[in-house]
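Inspection log for the structure reproduced underneath, given as structure tokens.
The values are calculated or read from the model by the stated rules, or taken from the named source; none is laboratory data. On a predicted model such as this, the values are computed, not experimentally measured, just so you know. FYI the Cβ positions are ideal-geometry reconstructions off the backbone, even for glycines, and counts take in every protein chain you see.
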Amino acid sequence: MAIYIDEQKKLFTLSTNNTSYQMMADKYLVLNHLYYGENIGQEDMSYLLDYQDRGFSGNPYEAGNERDYSLDSRPQEYSTNGVGDYRINSVSVINADGSDAADWRYAGYTIEKGKYAIPGMPALYGEEKDADTLIVELADKVTGLHAFLYYSVWEERDIITRCVKFVNQGTDAIVLTKAASMNLDLMSGDWELMHFHGRHNLERQMERVPLMRGKMTVESVRGASSHQHNPFAILCSKDTTEEAGSCYGTALVYSGNFSIEAEKDQMGQTRLTAGINSQRFAWTLEAGAEFWTPEAVMTYSSEGFEKMSSNFHHTFREHLCRGKYKHERRPVLINNWEATYFDFDKEKILNIAKGASELGVEMLVLDDGWFGKREGDVSGLGDWYVNTDKLEGGLKPIADGINAMGMKFGLWFEPECISEDSDLYRAHPDWAIQIPGRQPNRSRYQLILDMGREDVRDYLYERMTAILDSANIEYVKWDMNRHISDVYSAVLPKERQGEASHRYMLGLYDLLERLVSRYPDLLLEGCSGGGGRFDLGMLYYSPQIWCSDDTDAVERLSVQYGTSFCYPISTVGSHVSAVPNHQTGRITPVETRGTVAMAGSFGYELDLNLLSDGEKEEVKEQIKTFKKYYNLTHEGEYYRLTNPMENRLYAAWEFVSQDQSEALVHGMQILAQPSGPSIHIPVRGLKADAMYEVNGELVRSGRALMHGGLNFPRQTGDFKAVEFYLKEVK
């Protein structure tokens, strides 16, 4: 059992193999957070509550003249609002009398075997043996608003998941204007915040900054988790490295507007909250109604970022990703986009497929331009009917032709968007998100459909299933090429427009769930202009997401580095593209492009027929190598051996099998140096006393390789690939 309760003290301890999490309801029934860190058994940590009278930090009425008791300083498990705690609030409301107070008091608990589920939203899942769940009830005795704090404890991987269910048990409607999924108060420590910022074509760039006195926020109000910020952050001590030091990782299972807030208060205490962004959010809870927040996934590591990432990677592979391709090898694919853009017909696509099949590629994906009046990006979105002028006979002849070559066939969709120049928009302009009386903001010359509308979802489901049933389509790339503005829903009354953004996400999840339920063997790949919606919410439906529209091998080093802190390698879509690269103009060897792309689900984004004979042979070998090492790269432990954001001369990363019998080190000499120093790359994750052969020759102990390292080869020229394969000698 992972949950221990001292009934007399109202003390709750959540225990994993290596961590403890503890909270306690005090004499005023305020739920205090006591501890989260290395495993301390069931020891009562309330002795850490050591406070004094501080001016301008007031006291609850029931505390009388007990001036050292203040909500403004005590570590709370789920912070209040408007009643004396001036730090970041977990909740904000508009009560029937117009006030915004929410004053939580402990009201009970329950324990359940197994993992909770969240109605209509993605969340980790598991069998009854995988997790235990604690539900702690808090109540505002004046308004009747109750908050049920859910905690599922995953002992083996040191994971705790959290969410909150609000229930209005009063008689009047209450409007939620903020509803965090989690709150973590740390009484001590000098912490830094690691977050992952970016932009289109350069997502998830790691940044590490000290917490200041005050508030720091990482957020999106773009209607998607976004390229600009990822819904994942780390609190770490100043001395934390890959292999040592304390760090707390927090990731949201959500794809829409989010906010992660950190505050160092007047006493040097730290508070971290994460959840739906309170901007553009107002949810009316009528009497008896309930509201669930998205899930937050937390882990603590005292062994640095490496252990934190390992906890996340294993958990998300096993308990978030679903379907046929959860563990089955994904086919090596070729996408026609950078080869043709909109200029293609059946013959051109079949010619690309034929050349690719001869080199060992296993699937062709037909990208944008196959439907409606779609000769460019200014028309046709929403008209999900095959353009038979371009593709005579529809999709079936293409799919059959590609299948006859021994390949699978996949297809691109952008279901959430609509062009004004489309039959759908002319028939249903009210389906598009736009504010009455205002000209909408266009992006990529398109608008967004209101996914909160059932009729919109029914139309998309009908059209997509008709297309998917018309041919043997085994893969779908689900794209979204703009962010949301002009937020308004024609089906919501004016007083409930604050629900539109979250209802959009609930509608999107509903449509995705309907599709993956109907097509359980379909490989769905998420995309939003690359990595603009690379989050745990989408991974629940699509086991891989296109990592970035920037396919340049050098730029991908930092993108994939940042992504790896939270997300497993198996979830990363990564391809070899044409040179000069279409985003940067850089020319890199095809071998190097392949080496970088193998740190993900592998494919090609070019016309392979245009390669030289020598390059085609390299492609054949790349595909063989990817298949050979697939279980190692996609199921093994991943290690970041260098930081490509700091080191612009060389980069290296490593995959180690679960039994530590083999390892694969990949790298790149980014810039060549004349008369440069010797470079030694210590590897990790090996058995210290085992002997390993390196690339079939050199035999060294795991201890030597982990402490002394591998000799990074000197090569002439920039952007050269490096590979070491280590195999245990029995």
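Below are the figures for this structure:
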read-out: Matching entry among Leu364, Leu359 (being aliphatic (A, V, I, L, M) and either without any contact (Cβ under 8 Å) to a residue 40 or more places away in the chain or more than 20 Å from Val476 (Cα to Cα) (or both)); value: Leu359
read-out: Hits in region 238-283 (condition: surrounded by fewer than 22 Cβ atoms within 10 Å (Cβ to Cβ) and in contact with a helix residue (DSSP H, G or I) (Cβ under 7 Å, 6 or more places away or on another chain)); value: Thr241, Glu242, Glu243, Ala244, Gly245, Arg280, Ala282, Trp283
read-out: Any hit, region 643-650, residues being buried (at least 18 other Cβ atoms within 10 Å of the Cβ) and not in a strand (DSSP E or B); value: yes
read-out: Within region 597-614, considering residues that are under 23 Å from Asp549 (Cα atoms) and over 28 Å from the mean Cα position of the chain (by Cα), the one surrounded by the fewest Cβ atoms within 10 Å (Cβ to Cβ); value: Leu610
read-out: Top-ranked residue in region 377-432 [being hydroxyl-bearing (Ser, Thr, Tyr) and not in a helix (DSSP H, G or I); ranked as nearest to Glu358 (Cα to Cα)]; value: Thr388
read-out: Filtered residue count, region 572-607, keeping only those that are of a type in the set (A, V, I, L, M) and touching a Lys or Arg at 6+ places or on another chain (Cβ under 7 Å); value: 2
read-out: Inter-residue pairs, beta-carbon under 9 Å, first at positive phi and in region 168-189, second surrounded by fewer than 19 Cβ atoms within 10 Å (Cβ to Cβ), 6+ apart; value: Gly189/Ser237; Gly189/Gly268; Gly189/Gln269
read-out: Residues (surrounded by fewer than 16 Cβ atoms within 10 Å (Cβ to Cβ), touching a residue at least 40 places away in the same chain (Cβ under 8 Å) and acidic (Asp, Glu)) located in region 487-528; value: Glu495, Asp521
read-out: Strands (runs of 3 or more DSSP E) (entirely within region 1-116) containing at least 2 residues that are out of contact with any Ser or Thr (no Cβ under 7 Å at 6 or more places or on another chain); value: 3-6, 11-15, 19-25, 31-38, 105-113
read-out: Selected residue [under 20 Å from the mean Cα position of the chain (by Cα) and surrounded by fewer than 23 Cβ atoms within 10 Å (Cβ to Cβ)] from Glu306, Glu286, Glu392, Glu328; value: Glu306
read-out: So Arg556, is it under 30 Å from Pro119 (Cβ atoms) and in contact (Cβ under 8 Å) with a residue 12 or more places away in the chain; value: no
read-out: Residue satisfying condition, being within 26 Å of Trp337 (Cα to Cα), part of a helix (DSSP H, G or I), β-branched (Val, Ile, Thr) and in the same structural domain as Gln446 (by TED's automatic domain parsing), within set Val516, Val559; value: Val516
read-out: Filter result for Ser485 (part of a loop (DSSP other than H, G, I, E, B), under 21 Å from Gln228 (Cβ atoms) and of a type in the set (Gly, Ala, Ser)); value: yes
read-out: Counted residues, region 646-689 - those being among the polar types (S, T, N, Q) and in contact (Cβ under 8 Å) with a residue 60 or more places away in the chain; value: 2
read-out: Region 25-76, residues that are under 30 Å from Glu303 (Cβ atoms) and either without any contact (Cβ under 8 Å) to a residue 24 or more places away in the chain or touching a helix residue (DSSP H, G or I) at 6+ places or on another chain (Cβ under 9 Å) (or both); value: Asn32, Leu34, Tyr35, Ile40, Glu43, Met45, Tyr47, Asp50, Pro75
read-out: Single residue of Glu137, Glu127, Glu155 found to be of a type in the set (D, E, K, R) and over 26 Å from Pro543 (Cα atoms); value: Glu137
read-out: Boolean, Ser226 is at positive phi and buried (at least 22 other Cβ atoms within 10 Å of the Cβ); value: yes
read-out: Count - residues of region 170-211 that are closer than 21 Å to Leu252 by Cα, surrounded by fewer than 17 Cβ atoms within 10 Å (Cβ to Cβ) and of a type in the set (A, V, I, L, M, F, W, C); value: 1
read-out: Selected residue (criterion: farthest from Ile484 (Cα to Cα)) from residues of region 519-556 that are in a loop (DSSP other than H, G, I, E, B) and among the aromatic types (Phe, Trp, Tyr); value: Tyr519
read-out: Which numbered condition Gly537 fails, given (1) farther than 17 Å from His197 by Cβ; (2) over 10 Å from the mean Cα position of the chain (by Cα); (3) of a type in the set (Gly, Ala, Ser); value: (2)
read-out: Residue satisfying condition, being of a type in the set (D, E, K, R) and in a loop (DSSP other than H, G, I, E, B), within set Glu261, Glu243; value: Glu243
read-out: Residues of region 194-208 that turn out to be more than 10 Å from Ala262 (Cβ to Cβ), touching an Asp or Glu at 6+ places or on another chain (Cβ under 9 Å) and assigned to a strand (DSSP E or B), as a count; value: 6
read-out: From the options Gln8, Gln52, residue that is modelled with pLDDT under 95 and surrounded by fewer than 21 Cβ atoms within 10 Å (Cβ to Cβ); value: Gln52
read-out: First in region 98-125 and closer than 17 Å to Glu137 by Cα and assigned by TED's automatic domain parsing to the domain that holds Leu176, second anywhere and assigned to a loop (DSSP other than H, G, I, E, B) and acidic (Asp, Glu), Cβ under 8 Å, 6 or more apart; value: Ala102/Asp140; Asp103/Asp140; Trp104/Asp140; Arg105/Asp140
read-out: Spans of strands (runs of 3 or more DSSP E) in region 652-730 with at least 1 residues exposed (fewer than 15 other Cβ atoms within 10 Å of the Cβ), in contact with a Phe, Trp or Tyr (Cβ under 9 Å, 6 or more places away or on another chain) and of a type in the set (A, V, I, L, M, F, W, C); value: 698-701, 720-729
read-out: Test: residue in region 38-60 that is of a type in the set (A, V, I, L, M) and over 22 Å from Trp191 (Cα atoms); value: no
